[in-house]
Amino acid sequence: AYERILSQPVFQVTTPWGSPYMLFEKYKDEEKAIEMESGNSGNDDTADMDKFSRVQQKDDMQDTRPISLYFMDEHDARALADEMKQMKHMKDSDLRVTCSSLGKAVRSASNLGRGLPTGQGIDDKTGKLLTMDDGGSLRHKVVPSKRELFYAARCAGRERVGCFGDSPNEDADLLLQPQDVIEANKMQARRASKKNTARRIQKARQLEKEGLMESPTDRLRREYAHMEGQVGLPVFYSEGLLKKPPALRRIFQGAKSAWATSSLTPLYFSYEDLMKDWSIMRERSNNKNKIPEKPPQVEVFNMLDVVTSIDKDQWRAERRSELVREQKGLVGKIPILHNLINTGKKSASKKSGLEKVVFVPSSLGIQAKERISAAGSMKTRLRPMRAWGKDA
């Protein structure tokens, strides 16, 4: 599933050579409590990478850890670079905003806990990887676009990306606030999430006893209780917006059959791109008057949930094919004979629909990537050319 998100660019604040600048993230109290409950408090030699660096402050020691950030939005990365340039010791630094793929960012961010090893060598004396403090490993995080979260707060399914406000307007207004206000609100929500989850479960059981149906909103809040106080990576979907099958397939296979088998389900990283494509589809349609000017409903999903579901679906399909080959015995080990002999129930080959999902990258991100690529590193490594010919 990771190859489907390679087209979406992400942005980092780096040195001219592409090494990301490290930031220090507060080691949250609730994370500390979770580790204490699970028994992973850092005793014995679990690895030096599990120990977080400590920053001396005025009166007390505050636990922090170094992290590297991948931004979905170039403007958020530029804002961080401008903020870093305001520091005295960073005023003369050559900060760059470089571009990478979302697939790489997700792969890097999936290494939680100990983080991802850097290019630092192994300690000659101990033979172990250097600690986090010494640059032996680094945690990576993907930062969602603040712009897209604002749109997601007004869409159906906003709970999937961590918007648990009493109304969509409340969540949207919160995302317009400064970053410290948003984080304070999210931390308060994380601390109250355990009680809220227990209350929702109790309410759902009571409704089940009374024979009543749970509302779709309450069900979403209960199923995505783990996202309360967190933020997700939003992708947008609108029913009726499909990617057209190729023209040759429509000719030879028939329009109806081609749409049923070859049409793709687009998930947009940008809400504005979805609205633009809807308008284009409406303008090109023969039944323009029957299509509304705006989508009836835009639904938001968490990109990581979609990617995880695609991975699980692909694993199930591979496992099914392995079981079919095992049933055929020796014939199943020979690919040609295995493909010729069809055994098993037809229901085993049912499609889930996830194989049709395609991610549409943000147009603003693509434009930013092209600008960064066109600018280059601005430092040529070529030596000055020698004079030649008549001027030599």
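The values are calculated or read from the model by the stated rules, or taken from the named source; none is laboratory data. Nothing here was measured: the structure is a model prediction, and the numbers come from that model. Note that we place each Cβ from the backbone using ideal geometry, even for glycine, and neighbour counts take in every protein chain shown. Keep in mind that these areas ignore ligands, DNA and RNA; they rest on the heavy atoms of the full protein, side chains included. Shrake-Rupley method; radii C 1.70, N 1.55, O 1.52, S 1.80 Å.
Being closer than 28 Å to Pro361 by Cβ and part of a helix (DSSP H, G or I) is the filter here, so list the residues in the stretch 168-182 that pass it.
Pro168, Asp171, Ala172, Leu174, Gln179, Ile182, listed by residue number.
Every residue, every condition in (1) exposed (fewer than 12 other Cβ atoms within 10 Å of the Cβ); (2) at pLDDT below 85, yes or no:
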{"residue": "Leu274", "(1), (2)": "no, no"}
{"residue": "Asp277", "(1), (2)": "no, no"}
{"residue": "Arg282", "(1), (2)": "no, no"}
{"residue": "Ser285", "(1), (2)": "yes, yes"}
{"residue": "Pro295", "(1), (2)": "no, no"}
{"residue": "Val300", "(1), (2)": "no, no"}
{"residue": "Leu304", "(1), (2)": "no, no"}
{"residue": "Val307", "(1), (2)": "no, no"}
{"residue": "Arg320", "(1), (2)": "no, yes"}
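Please go through the stretch 1-24 and give me each residue that is among the charged types (D, E, K, R) and under 13 Å from Leu80 (Cβ atoms), ordered by number. Can you show your working first?
Filtering the stretch 1-24 down to residues among the charged types (D, E, K, R) leaves 3-4.
Passing the criteria: none in range.
Test Gly211 against the stated conditions and say whether it is loosely packed, with under 13 Cβ neighbours inside 10 Å, touching a residue at least 12 places away in the same chain (Cβ under 8 Å) and not in a helix (DSSP H, G or I).
On the way: loosely packed, with under 13 Cβ neighbours inside 10 Å: yes; touching a residue at least 12 places away in the same chain (Cβ under 8 Å): no; not in a helix (DSSP H, G or I): yes.
Judged against the criteria, Gly211 is not a match.
Given the conditions (1) surrounded by 10 or more Cβ atoms within 10 Å (Cβ to Cβ); (2) at pLDDT below 65; (3) in a helix (DSSP H, G or I), and given that Gly344 satisfies all but one, which numbered condition is not satisfied?
The single condition Gly344 does not satisfy is (3).
Report every pair of residues separated by at least 6 positions or lying on different chains whose Cβ atoms are under 6 Å apart, first residue within the stretch 83-108 and of a type in the set (Lys, Arg), second in a strand (DSSP E or B) and crowded, with 16+ Cβ neighbours inside 10 Å.
Listed pairs, sorted by first residue: Arg96/Thr14.
Within the stretch 65-75, which residues are buried (at least 16 other Cβ atoms within 10 Å of the Cβ) and in contact with a Leu (Cβ under 9 Å, 6 or more places away or on another chain)?
Step one: list which residues in the stretch 65-75 are buried (at least 16 other Cβ atoms within 10 Å of the Cβ), which gives 65-74.
Passing the criteria: Pro66, Ile67, Ser68, Leu69, Tyr70, Phe71, Met72, Asp73, Glu74.
With the requirement that a residue be modelled with pLDDT under 75 and of a type in the set (Gly, Ala, Ser), what does the stretch 83-135 give you?
Of everything in the stretch 83-135, those that are modelled with pLDDT under 75 and of a type in the set (Gly, Ala, Ser) turn out to be Gly113, Gly115, Gly119, Gly121, Gly135.
Taking the stretch 120-144 as the search range and keeping residues that are of a type in the set (A, V, I, L, M) and assigned to a loop (DSSP other than H, G, I, E, B), which one is farthest from Tyr237 (Cα to Cα)?
Step one: of the stretch 120-144, the residues of a type in the set (A, V, I, L, M) are 122, 129-130, 132, 138, 142-143.
Of the ones still in play, those that are also assigned to a loop (DSSP other than H, G, I, E, B) are 122, 129-130, 132.
Numbers: Ile122: 47, Leu129: 44, Leu130: 44, Met132: 40 Å.
So, considering only residues that are of a type in the set (A, V, I, L, M) and assigned to a loop (DSSP other than H, G, I, E, B), the one farthest from Tyr237 (Cα to Cα) is Ile122.
Among Arg147, Arg160, Arg154, which is at pLDDT 90 or above, in contact with a helix residue (DSSP H, G or I) (Cβ under 8 Å, 6 or more places away or on another chain), within 21 Å of Tyr271 (Cα to Cα) and assigned to a loop (DSSP other than H, G, I, E, B)? Write out each step before concluding.
On the way: Arg147 fails: assigned to a loop (DSSP other than H, G, I, E, B); Arg160 fails: assigned to a loop (DSSP other than H, G, I, E, B).
Being at pLDDT 90 or above, in contact with a helix residue (DSSP H, G or I) (Cβ under 8 Å, 6 or more places away or on another chain), within 21 Å of Tyr271 (Cα to Cα) and assigned to a loop (DSSP other than H, G, I, E, B) holds for just one of Arg147, Arg160, Arg154, which is Arg154.
Restricting to the stretch 85-124, name every residue that is among the aliphatic types (A, V, I, L, M) and either open to solvent by 80 Å² or more (accessible area, probe 1.4 Å) or over 24 Å from Gln367 (Cα atoms) (or both).
Residues of the stretch 85-124 among the aliphatic types (A, V, I, L, M): 87, 90, 95, 97, 102, 105-106, 109, 112, 116, 122.
Scanning the stretch 85-124 gives Met87, Met90, Ala109, Leu112, Leu116, Ile122.
Among the candidates Gly229, Gly165, single out the residue that is part of a loop (DSSP other than H, G, I, E, B), open to solvent by less than 20 Å² (accessible area, probe 1.4 Å) and touching a residue at least 60 places away in the same chain (Cβ under 8 Å).
Working: Gly165 fails: touching a residue at least 60 places away in the same chain (Cβ under 8 Å).
Going through Gly229, Gly165 in turn, the sole match is Gly229.
Looking at (1) open to solvent by less than 60 Å² (accessible area, probe 1.4 Å); (2) touching a residue at least 12 places away in the same chain (Cβ under 8 Å); (3) not polar (S, T, N, Q), which one does Ala247 not meet, given that it meets all the others?
Only one criterion in (1) open to solvent by less than 60 Å² (accessible area, probe 1.4 Å); (2) touching a residue at least 12 places away in the same chain (Cβ under 8 Å); (3) not polar (S, T, N, Q) is unmet by Ala247, namely (2).
Which number in (1) surrounded by 12 or more Cβ atoms within 10 Å (Cβ to Cβ); (2) in contact (Cβ under 8 Å) with a residue 40 or more places away in the chain marks the one condition that Arg219 misses?
(2)
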